[in-house]
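Taking it in order: structure first as structure tokens, then the write-up.
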Amino acid sequence: ITGDIQGKKIAPIILLSLVENAFKHGVNKNIGNIKIDISFEIKEDFLYFSVSNPMPSIMNQNSGKNYSGGIGLKNVRKRLSLGYSENDYNLEFEEMDNIFIAKLKIRVA
């Protein structure tokens, strides 16, 4: 966590859903030591949040399929669109070396 978070607010549950997704798909569906990285940075009027987790082992075996997320991630996108204007947030998902990364840039109040 970096930056001044004092008095900064965003819509409730948004970050929780992204963290839950990392544990559901990164920990619950893998065996052994699992690493989940969470980054939380305030710069000026924006929060830059990211969470990364290993892709589920089952998905790794089917490398030809692209993972786009389930209903939880779609709900996050919908909550953002209902509560914020298009210029106030950016939500991206990417896969790199069998790691799923969710990145959110959101305006703080």
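Please treat every number below as a calculation from the coordinates, not as lab data. All values derive from a computational prediction rather than experimental measurement. As a convention, Cβ positions derive from the backbone with ideal geometry for all residues, glycine included, and neighbour counts pool all protein chains shown.
Note on the chain: GNM, Cα springs under 10 Å; of S50, S85, S39, the largest mean-square fluctuation is that of S85. Counting only trypsin sites (Lys or Arg not before Pro) that DSSP places in a loop and that have at most 11 other Cβ atoms within 10 Å, the longest clean stretch of the chain runs over 66-109. Taking a straight Cα-Cα cut-off under 20 Å and skipping sequence neighbours fewer than 8 places away in the same chain, the aspartates and glutamates within cross-link reach of K78 are E20, E86, D88, E92, E94.
Among the listed values [x] 34, 16, 10; [y] 26, 15, 11; [z] 20, 17, 12, the one matching semi-axes √(5λ) of the Cα gyration tensor in Å as calculated from this structure is [y]. Taking Cα atoms only, the orientation of helix 71-83 departs from the longest principal axis of the chain by about 10 degrees.
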